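First the structure, in the form of structure tokens, and then the observations on it.
The values are calculated or read from the model by the stated rules, or taken from the named source; none is laboratory data. This one's a predicted model, so the numbers in the text were calculated from it and none came from an experiment. Quick reminder, even Gly has a Cβ in these numbers, built from the backbone with ideal geometry, and neighbours come from all protein chains shown.
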Amino acid sequence: MNKREFIKSGLLGVGATLMLPSVLASKNFLTNDKASVTGKFFEQPPLGFAFDALEPYIDAKTMEIHYLRHHAAYTRVLNEQLSKVSVPFKSIVEIMENISQFPVSVRNNGGGYLNHNLFWKIITPGGAKLPSGELMTTIEKTFGSFDAFKSAFIEKAMSVFGSGWAWVIKTPYGLKITSTANQDNPLMDTEKERGIPVLMVDVWEHAYYLKYQNRRKEYLDAFWQVVNWDQVNSFYHLDRFVL
């Protein structure tokens, strides 16, 4: 699917809270994700921090537009599209795991909904500024050093042509850096590289263009200043992995 087809399918947005039942574990690390039988399926949760809380690395206006327009639109369009499908589902993750059974409009908006929920958690202010313990040990063992890990992650994010995401995922074989186009994610059954999302960065232009224009590398360098490694660590330690 090219970018033009993706945009035409109605994608405009982002966001919400969730549980990752079959994929991400017995731990309820996020909430309010169960789909209701009638009415609205998923809700946009509070952002959890002020729009200017990530200054000067991510500016307030970008956060405001990203959350109030894109995030809200993904949620709204996802609900609209789900009201038209007959495929049963219990959660947003179940939808992702079986996304090949759903229309492309659900893939686009459902991916945007889930991806941004995870992203808002990762860039929440506060928390550790560096990984530690088992997570740091695994990063160093897998990539050689933390700096080498950061370089590999930035390289992957820079390699995304057009719009998409870069990810660190937990697989049965260890950590892996991957990327997805548009609003796809590693939970989808359409992806070759699947796993538990541990760390992610949005490289759609709306995530950084007001401040950084076409300087994606500067945005990615700044990204490390707002990562909440306590949250990354929580994702890494999810204790059940079934795909």
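Observations on the model:
- In segment 144-154, the residues that are surrounded by 14 or more Cβ atoms within 10 Å (Cβ to Cβ) and not β-branched (Val, Ile, Thr): Phe149, Lys150, Ala152, Phe153
- When restricted to residues that are out of contact with any Phe, Trp or Tyr (no Cβ under 7 Å at 6 or more places or on another chain), among the β-branched types (Val, Ile, Thr) and surrounded by fewer than 19 Cβ atoms within 10 Å (Cβ to Cβ), segment 192-243 contains 1.
- Residue check, Gln183 outside the structural domain of Tyr67 (by TED's automatic domain parsing), under 18 Å from Tyr57 (Cα atoms) and in a loop (DSSP other than H, G, I, E, B): no
- Residue match in segment 23-31 (condition: touching a strand residue (DSSP E or B) at 6+ places or on another chain (Cβ under 8 Å) and either modelled with pLDDT of 95 or more or of a type in the set (Val, Ile, Thr) (or both)): yes
- Inspection of segment 225-239 finds a residue satisfying the criterion of being farther than 20 Å from Ile123 by Cβ and at pLDDT below 95.
- Screening Met188 on (1) within 25 Å of Arg69 (Cα to Cα); (2) in contact with a Leu (Cβ under 6 Å, 6 or more places away or on another chain) shows it passes everything except condition (2).
- Which listed residue is modelled with pLDDT of 95 or more, among the acidic types (Asp, Glu) and over 29 Å from Arg107 (Cα atoms), from Glu134, Glu205: Glu134
- Selection count, segment 48-93, where residues are under 24 Å from Arg216 (Cα atoms) and modelled with pLDDT under 95: 1
- The set of residues in segment 94-120 that are assigned to a helix (DSSP H, G or I), polar (S, T, N, Q) and in contact (Cβ under 8 Å) with a residue 40 or more places away in the chain comprises Ser100, Ser105, Asn108, Asn109, Asn115, Asn117.
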